[in-house]
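Throughout, read-outs are computed from the coordinates displayed, never taken from laboratory work. Please read these numbers as outputs of a predicted model, since none were measured by experiment. Glycine gets a Cβ as well: all are built from the backbone with ideal geometry, and neighbour counts include every protein chain shown.
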Amino acid sequence: LHLSIRRQRQMCIRDRVKALADERFVLLYQPIYNLEREKITHCECLVRMLTDDKQMLSPAAFLDIAKDNGLMPRIDYLVLKMALLQLRAWADNNIHLKLSVNITAATFESERFVQQLRQLLLETGARSSQLIFEVVETEAINNLESAKALCDRLADLDIQIAFDDFGIGFTSFEYLRDLPVDFIKIDQSFIRYLYKRKSDQLLVKSMVDMAVALGKKVVAEGVEDDGSADLLREMGVHYLQGYYISRPTRANELDLNYTMPIT
Ligand code: C2E
Ligand code: MG
Ligand code: MG
């Protein structure tokens, strides 16, 4: 019985994702705290799907279904467009945040990606230099050579690349060596219990040292407590993201004047 309810629910989600009415998707923004400048300088866009009764579904509930049904490129482009419209609105109000947008490897690697991107930049009037793409390595980039070429083309547009969920995939180091990424985002699983776990502290410290030596900026995600935040600052991490700073929120609810208390 349980299984069939689950299956029904999944089918239901699939149908709704397929219908893909734009207004079904909303973007939340999670602030990223710049430790050097002591303020919020970036936000990550996190997509939510609205149910009929206006509840927000997390990506875990629909991204896999969307992927299996070949719907990801449409969602990625929709998210990108919403993000660019937000950037434009902020720019018009003299707000200069950068936005980090998650993009699935398949979309990122597709032939028409740069062309679509240019089109959306034109349509929205957003500045490409305010944009960062987050790519997850475990999604397996198929061809490192072409991914590298793409990163170079994006760099020509002043767009930066972040390597998401760093440290959990087998090829994290190979990618770090071969791809010209600007940021690494250390996976939450290393950060969540950082304050309590000596082993995580050692691993995170070595990831930070390595990334810094390679000239990358480091973001720690999933920071939930002040003890971990302090440790990360001491380790030389550049940016903090997590519930300790702020949960993902609607754009109009962002607290852009936030400053972290120094303990
Ligand atoms: P991610 O890119 O690694 O995003 C971080 C996730 O961690 C988000 O979950 C965020 O809400 C959550 N998070 C942030 N801080 C904390 C914290 O302190 N504690 C805990 N427990 N969680 C925290 P969310 O929004 O459910 O997204 C999950 C994943 O779905 C994302 O992981 C990303 O891989 C994917 N995703 C989200 N939005 C998009 C999108 O617009 N496009 C694509 N392609 N993927 C997306
Ligand atoms: Mg991300
Ligand atoms: Mg992540």
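Among 209-215, 84-90, 124-130, what's the highest-first ranking by average C-beta atoms within 10 angstrom per residue? Please report the intermediate quantities before stating the final value.
Numbers: 209-215: 13.3, 84-90: 19.4, 124-130: 17.1.
Those peptides, ordered most packed to least, come out 84-90, 124-130, 209-215.
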So if a site counts as exposed when it's one of the GluC sites (Glu not before Pro), its DSSP state isn't H, G, I, E or B, and it has at most 16 other Cβ atoms within 10 Å, what's the longest stretch of the chain without one? 112-263
Tilt relative to the chain, helix 226-235 - C-alpha long axis, 0 to 90 degrees, to 10: 70 degrees
Got a sec to turn the phi values of segment 191-196 into Karplus ³J(HN,Hα) couplings, 6.51 cos²θ - 1.76 cosθ + 1.60 with θ = phi - 60°, whole Hz, x for Gly and Pro? 9, 3, 10, 3, 4, 8
Ranked on Cβ counts within 10 Å of their own Cβ, fewest leading, VAL219, VAL79 go VAL79, VAL219
To test your reading of the geometry: what angle, between 0 and 90 degrees and rounded to tens, separates the Cα axis of helix 144-156 from the longest principal axis of the chain? 80 degrees
The long-range amide H neighbours of LEU254, using H built 1.01 Å from N in the peptide plane and a cut-off of under 5 Å, are none
Under 5 Å between amide hydrogens, which residues at least 5 positions from ILE32 or on another chain qualify, with H placed 1.01 Å from N in the peptide plane? THR41, HIS42, CYS43, GLU44
Calculate how steeply helix 72-92 sits against the longest principal axis of the alpha-carbon atoms of the chain, using the helix alpha-carbon long axis, and give the answer as 0 to 90 degrees to the nearest 10. 60 degrees
Hz values of 3J(HN,Hα) by residue in segment 239-254 - Karplus curve (6.51, -1.76, 1.60), Gly and Pro given as x: 9, 10, 9, x, 4, 4, 7, 5, 6, x, 9, 5, 3, 6, 9, 5
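Going by average Cβ density within 10 Å per residue, which order do the peptides 50-56, 95-101 take, highest to lowest? Walk me through the numbers before you get to the answer.
Values: 50-56: 10.0, 95-101: 18.6.
Final packing ranking: 95-101, 50-56.
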